[in-house]
Protein chains: 4
Amino acid sequence: MALDTRERVRRAAVKLFATKGFHGTGIRDLAQESNLSTASLYHYMGSKEELLADIMRDCLRTLLDSAEAELTGLTDPAERLRRLVKLHVRAHARKPRETRIVDHELHVLAPTTRRSIVELRDAYERLWADAVGDGVASGVFTTAHPGVTRIALLEMCNGVARWYSARGSLSLDDLATHYAEVALRAVGACPQRSAEGQSRGE
Amino acid sequence: MALDTRERVRRAAVKLFATKGFHGTGIRDLAQESNLSTASLYHYMGSKEELLADIMRDCLRTLLDSAEAELTGLTDPAERLRRLVKLHVRAHARKPRETRIVDHELHVLAPTTRRSIVELRDAYERLWADAVGDGVASGVFTTAHPGVTRIALLEMCNGVARWYSARGSLSLDDLATHYAEVALRAVGACPQRSAEGQSRGE
Amino acid sequence: MALDTRERVRRAAVKLFATKGFHGTGIRDLAQESNLSTASLYHYMGSKEELLADIMRDCLRTLLDSAEAELTGLTDPAERLRRLVKLHVRAHARKPRETRIVDHELHVLAPTTRRSIVELRDAYERLWADAVGDGVASGVFTTAHPGVTRIALLEMCNGVARWYSARGSLSLDDLATHYAEVALRAVGACPQRSAEGQSRGE
Amino acid sequence: MALDTRERVRRAAVKLFATKGFHGTGIRDLAQESNLSTASLYHYMGSKEELLADIMRDCLRTLLDSAEAELTGLTDPAERLRRLVKLHVRAHARKPRETRIVDHELHVLAPTTRRSIVELRDAYERLWADAVGDGVASGVFTTAHPGVTRIALLEMCNGVARWYSARGSLSLDDLATHYAEVALRAVGACPQRSAEGQSRGE
DNA sequence: AATGAATGAGCCTTCATTCAT
DNA sequence: TATGAATGAAGGCTCATTCAT
């Protein structure tokens, strides 16, 4: 099935925004990458900035929705953090360009739009904050600065989008598991058994 | 003492490149921020891109030099990692804009220039790789994927530049110590005493 | 019939480049003369320099093609030279601006482009060199330095573009004939009859 | 003896204006070629345009003066034309850059300045016109259009500046003699003896 | 005599966008 | 749906020139 034109434009934008940055990408670049004229481009998008906002919004919506789905019914903070990390890492490894765009181009958006995007991001990060906070409250985690630890872990996981390659030696599952491991250690959950399991597996 | 003009231009560039991105910063923005005409700007820089490259180069040189100085004479991998993390965190908290520029704008540079910058970055990262590698080799660290762990920690520390504020509740020293803590836990160094020491101190 | 826009740009360029020189003509001058905005200009040309190269190329191509057509089947060197001179003079009198551009602005072109233009010019001048050379070889022409004579005649004829005006007393045909006369005398063809014929005719 | 600075500037200008054109030459180019800063340049010249005008004026003054000196006491039109041609050719071969500048950059000058330069040029050309005119009047020359012939010869001789190289096979004296020959033939002076002499001599 | 600093104006070119077809 | 044509604004950079030192 032929690719929907709107989708083609979207993908072109994702590719170029991630590679050259929003301001480094001209609409001529977008048009060329989409095999469209610059004029035609405007049948499939509002403006360059709206296109960017759409990409960010979708990326964050998907992340938020699947995170909420993943956590449904879970109470154990360690398990919640593990799931969050794995989901986050998988998302960033699979959609490195979209997530890099979210991370790098927020400053481009006009205030109103930016606020709506930041809201989504904050909602998502609250899931992390809650997991870490609950873990510390219940004594499962021992970390001196939960807030700092949360953001440190998030940044660590975001980084995956900047370097992970599917062609590397590490499978996506192993990567996600490894990161969950590192994260749980970082909060002081010291998951003896699983750590050893991971070690044995290699 | 009045600020050297060249330095004024540099600072304007650092501020704007970090805030709005390289491509998002116009030469006229730079001129205004430097209280200079656009023409005068060119007495103090080669081109916008060279200015960027200079900023990056200086930032990385400084980081690399101080890291090498910091590690001189040290052999214990845990201590080396701790020092690297603390230095890195401090540098990123103190010069968040410079380091963000290094992280975000590499793609702007022409191939030749980029290579020279990447070389510096790689030299610096090798210090981390060596510390982690030696730790694993000597059994002090237990981590399944040293390479991944190293980059995960680096990204985590880079993140500091994206959120740390001196006006926050955490002092720079505490922040650096905390990150070192998290990092050592992440590599499985489980530094009982120092971790407790750290906990007690807060 | 309305003038094609591309052609309007071309004519504006010819007029301005010839009058004020390539470097003396700004893109804004071109736009104004073409009744276009500077941005629109770029729908009809690659760059200012490409526009110049196109003008030169077309001018030389036309000259070369018509010269080759004119000489087809001719062997007599005197007749060939006469035809070349007349054609050249006519072309330079009719298209003085294009030919002046070719003569004056070669130095502007980038090496590669320049080479391609110079090649055309050389191909054309070879027709002159052959005519003069054959005339000397067969004894019809007596000139001590055929190469010098050829270039002297060419320069003399090029000059037409710098002064001829259709409003002058001399018709184009008479002008061309007169130049042919001067040229043949210069190579020592001393065409008694035709010279007298020419004299009688005026 | 060290070269006077003002003279160094002048020479740099001659070189660059001739090579790249007036508008193609920046004052930075001039400064570099003169081994001066752009600011220092202005101790030795009024403005770029005045520098150009000076060069042109001197070139034409010299030509005019030496032509008048050369013709002093001569009445024979053929001899006068021969001397003019030889002088002109020599001047253009020896100072090809100055003369090219005079020929190519008149259009740059502001009206007032231009007029003063054109006046000089016209005074010089009147010497040619007189020689040709007298020759025709006295029947020594036979040319249908004296005015056209005069300008044709002038352009032919101007051309020397565009191609003559001292490294070529032809000596400057031979070149000048050859041109005089061509010119006299062109006006129909048919100087049997001298032509043969020329031929024999080579 | 010499120049580093400074600049308003201008350079060529591309920007994102609109609109008639 | 698709696009050639069009553009005002802005892009990075250089222009010729002045002036204080």
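Probing with 1.4 Å while keeping every protein chain in the model, the per residue accessible area of chain C equals 47 Å². A Gaussian network model of chain D, with springs between Cα atoms under 10 Å, assigns the largest mean-square fluctuation among D:Ile27, D:Ile117, D:Ile55 to D:Ile27. The long axis of helix C:172-186 is offset from the longest Cα principal axis of chain C by roughly 50 degrees. For the options D:Val89, D:Val132, D:Val148, a Gaussian network treatment of chain D with springs between C-alpha atoms closer than 10 Å singles out D:Val148 as fluctuating the most. Seen against the Cα atoms of chain D and their longest principal axis, helix D:111-137 is set at about 10 degrees.
Heavy-atom accessible area buried between chains A and B is around 2700 Å² (1.4 Å probe, both sides summed).
Using a Cα-Cα cut-off of under 20 Å, which lysines could be cross-linked to D:Lys20, ignoring same-chain neighbours fewer than 8 residues away? Within reach: C:Lys20, C:Lys48, D:Lys48, D:Lys95. As a calculated quantity, the FRET efficiency between D:Tyr42 and A:Glu79 at R0 = 56 Å, using C-beta atoms, amounts to about 0.10.
Would you compute, from DSSP H runs of 4+ residues alone, the mean residue ellipticity of chain A at 222 nm, taking -39500 (n - 2.57) per run and dividing by the full residue count, rounded to the nearest 500? Please list the in-between numbers first.
Numbers: 11 runs with 147 residues, N = 202.
Mean residue ellipticity at 222 nm (helix-derived): -23000 deg cm²/dmol.
Annotation for A:Gly133, label-to-label distances across the other copies: 4.3, 9.3, 10.5 nm (shortest first, one decimal, point 7 Å from Cα along Cα→Cβ).
With K and R counted +1 and D and E -1, the other residues having a Cβ less than 15 Å from that of B:Leu3 yield a net charge of +2. Cross-link reach is defined here as a Cα-Cα straight distance under 12 Å, omitting same-chain residues fewer than 8 places apart; for A:Lys86 the aspartates and glutamates meeting it are A:Glu70, A:Asp173, A:Asp174, A:Glu181.
Summing charges over neighbours of A:Ser66, with a neighbour being any other residue whose Cβ is under 12 Å away from its Cβ, gives +3 when K and R count +1 and D and E count -1.
Measuring r between the beta carbons of D:Ala137 and D:Ala110 and using R0 = 35 Å, the FRET efficiency lands at 0.35.
First measure r as the distance between the Cβ atoms of C:Asn35 and D:Asn35, then evaluate 1/(1 + (r/R0)^6) with R0 = 41 Å and state the FRET efficiency to the nearest 0.05. Here the calculated transfer efficiency is 0.30. Residue of chain D with the Cβ closest to the rotation axis carrying D onto B, and that distance rounded to whole Å: D:Ala39, 3.
A point 7 Å from Cα along Cα→Cβ stands in for B:Thr38, and the other copies hold the same point at 1.0, 1.6, 1.9 nm, listed in rising order.
Mind checking the mean number of beta-carbon atoms from other chains within 10 Å of the Cβ atoms in C:169-178?
2
Position D:Gly73: other-copy label points at 6.0, 9.9, 12.5 nm, ordered by increasing distance, label point 7 Å along Cα→C-beta.
Shielding value for A:103-109 is 3, the average number of Cβ atoms from other chains within 10 Å of each residue's Cβ. With the biggest extent put first, the Cα atoms of the protein assembly as shown measure 125, 71, 46 Å across the principal axes. Partner shielding of D:152-165 amounts to 6, given as the average count of beta-carbon atoms from other chains within 10 Å of each residue beta-carbon.
Taking the alpha carbon gyration tensor of the range A:56-200, multiplying each eigenvalue by 5 and rooting it gives semi-axes of 25, 19, 13 Å, largest first. Taking the accessible area of the range A:73-202, probe 1.4 Å, and keeping the other protein chains in place, the carbon and sulfur fraction comes to 48%.
The values are calculated or read from the model by the stated rules, or taken from the named source; none is laboratory data. What you are looking at is a predicted structure, and each value in this text was computed from that prediction instead of being measured. Cβ sites come from the backbone with ideal geometry, for glycine too, and all protein chains shown count toward neighbours. Protein only, heavy atoms only, side chains kept; ligands, DNA and RNA dropped before computing areas. Shrake-Rupley method; radii C 1.70, N 1.55, O 1.52, S 1.80 Å.
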